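The values are calculated or read from the model by the stated rules, or taken from the named source; none is laboratory data. Everything numeric in this text was worked out from a predicted model, so none of it was measured. Cβ sites come from the backbone with ideal geometry, for glycine too, and all protein chains shown count toward neighbours. These accessible areas exclude ligands, DNA and RNA; they are computed on the full protein's heavy atoms, side chains included. Shrake-Rupley method; radii C 1.70, N 1.55, O 1.52, S 1.80 Å.
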Amino acid sequence: MPEAIATTKRKFYKALESLNNPPATRPSEPAAKRVRRSISTTSTASRTAPTTKAPNTEDAVFRKPPNFSPWSHETFLARLKTYSNVSLWYPKPEAISEVEWAKRGWVCVGVSTVACKGGCEKRVVVSLDLERSSAADVEGGGTDEANCGADEGLDAENESLLETALVARYQSLIVDGHSATCPWRQAGCKDDIHHLQVVRPPIWQPELKNRYHSLRGLDGAIRDVNMTTLPHDSASCLPPEKMLMDLPAEVLGENDQTSKDAARALEVALHGWRGSHDSGNDLLQCDACFQRIGLWMYQPGYRQSHARSGESEDDDSATLDLLELHRDHCPWRNSETQKASGTLSGLNASQILHRVVSTYAREQRRKSDELQKPAQQGGVEEQDEEADLEAPLSPAPSREEVEKQDKERESKLKRLKSLFSIKRRPAARSAVIAKSH
Ligand SMILES: [Zn+2]
Ligand SMILES: [Zn+2]
């Protein structure tokens with residue numbers, strides 16, 4: 001490893017040690033206290049790292065549920081979030097990815113270092129750096145020190161063998177890295193812990209509304225961006241313009257439902273993104289994989305100095321792929337982690353939400369159409385099957401005529417009912433009675 005990184009790393013550990021590690025474990029300490037220390041650890045760690053913010057919500061998340069809460073989607077996401085700092089954690093093979101560590105209670109506390117914060121306090125250094133002499137270190141509490149190092153100058157074949165062995169070793173450390181008494185050693189989160197609830201209206205509506213409004217705040221930054229979206233090629237995936245027309249205003253809390261900006265914002269929100277500002281920059285952010293995308297890179301006219309040679313001259317802006325820009329494991333993109341069941345199985349959260357909102361929009365349109373029709377010209381069924389009965393209602397008839405017509409109506413209705421077994425609405429019946437007075 002380059003000397004600069006090694007030095008940074010050493011400094012980092014030293015700083016971390018002095019800040020957070022008054023002798024690592026205190027078995028007699030009440031759990032609540034330990035949890036609180038883990039809060040300060042998390043926020044201190046992120047303060048030293050310039051690219052992450054330390055939002056207050058993290059504290060709230062950690063304070064409520066106990067450390068061992070494998071059932072909690074919230075705490076799982078809070079742990080996963082600690083891996084989102086690219087200067088501390090770089091992508092690993094799937095079997096030992098951040099998702100796997102987070103599922104077993106580990107948080108990222110330093111460069112390639114995970115810890116069971118608020119639990120057994122063990123640490124594991126997860127490094128696939130083949131040049132390192134001691135690649136896998138389990139620290140704290142006296143667990144046997146793993147040494148998966150490699151000699152320098154490996155050929156490609158040996159390297160891949162070694163990497164496979166390292167991955168297997170770390171895979172077992174995800175479980176065995178915890179102390180013998182740590183509950184995370186016995187159990188972790190279920191495989192569907194990353195699943196996003198996007199089907200039930202009380203959940204998707206406020207969330208979509210929030211994302212949508214945060215994105216309306218970035219209208220200028222997404223207005224002219226080239227975007228790749230899910231195909232809107234069927235009734236189950238309506239284009240956002242159509243959804244906006246059919247959704248009742250209260251769903252998005254939006255009056256201006258016809259503008260291009262509104263449609264763009266909805267489109268981006270349907271793919272799981274919300275908008276945010278950070279130090280004067282407009283960003284897209286995902287709360288499931290914690291990906292952050294700087295929108296300035298996608299503006300037309302933004303020419304990257306490192307433009308690839310294969311790109312044509314006139315195509316001077318990159319395309320914002322709303323699906324692919326999520327991290328691999330993100331359920332907005334990955335149907336494996338979304339783990340939907342039934343008719344939705346095999347779909348990622350973006351596809352499911354598009355489908356759910358399309359269906360909802362169509363239903364709302366149908367309902368509002370139905371509500372309007374009776375007000376104009378009577379019930380839908382009557383109009384089709386009893387058209388002749390509606391005619392006498394238009395001129396103002398005399399009382400005798402009304403009674404006569406009503407009797408005819410009643411008997412016709414009885415006949416019709418027996419023929420077609422039509423169900424009359426109570427409202428229509430009372431209208432008939434009222435007229436006979
Ligand atoms: Zn543990
Ligand atoms: Zn994501």
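Scanning segment 184-201 for residues that are open to solvent by 50 Å² or more (accessible area, probe 1.4 Å) and within 16 Å of ligand 1 (Cβ to nearest atom) yields a count of 2.
To keep it simple, each residue is scored yes or no on (1) out of contact with any Asp or Glu (no Cβ under 8 Å at 6 or more places or on another chain); (2) at pLDDT below 95.
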position: Leu284; (1), (2): yes, no
position: Asp287; (1), (2): yes, no
position: Gln304; (1), (2): yes, yes
position: Asp316; (1), (2): yes, yes
position: Leu325; (1), (2): yes, no
position: Arg333; (1), (2): no, no
position: Ser345; (1), (2): yes, yes
position: Ser350; (1), (2): yes, no
position: Glu363; (1), (2): yes, yes
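In segment 164-183, the residue that is surrounded by the most Cβ atoms within 10 Å (Cβ to Cβ) out of those that are among the polar types (S, T, N, Q) and at pLDDT 95 or above is Ser179. In segment 112-120 there is at least one residue that is away from ligand 2 (no atom under 16 Å from the Cβ), out of contact with any His (no Cβ under 8 Å at 6 or more places or on another chain) and more than 29 Å from Leu161 (Cα to Cα). Looking only at segment 256-274, count every residue that is open to solvent by 10 Å² or more (accessible area, probe 1.4 Å) and not in a loop (DSSP other than H, G, I, E, B) and tell me the total. Number satisfying all stated conditions: 5.
Considering segment 155-237, the qualifying helices (runs of 4 or more DSSP H), each wholly inside and each with 1 or more residues that are under 15 Å from Trp273 (Cβ atoms), run over 201-216, 219-222. Residues in segment 99-117 that are open to solvent by less than 20 Å² (accessible area, probe 1.4 Å) and over 14 Å from Arg185 (Cα atoms): Val99, Val107, Cys108, Val109, Gly110, Ser112, Thr113, Val114. Give me a count of the residues in segment 184-228 that are out of contact with any helix residue (DSSP H, G or I) (no Cβ under 6 Å at 6 or more places or on another chain) and of a type in the set (Ser, Thr, Tyr). Residues meeting the conditions: 2. Exactly one of (1) within 16 Å of ligand 1 (Cβ to nearest atom); (2) within 30 Å of Thr319 (Cβ to Cβ) is unmet by Leu230. Its number? The single condition Leu230 does not satisfy is (1).
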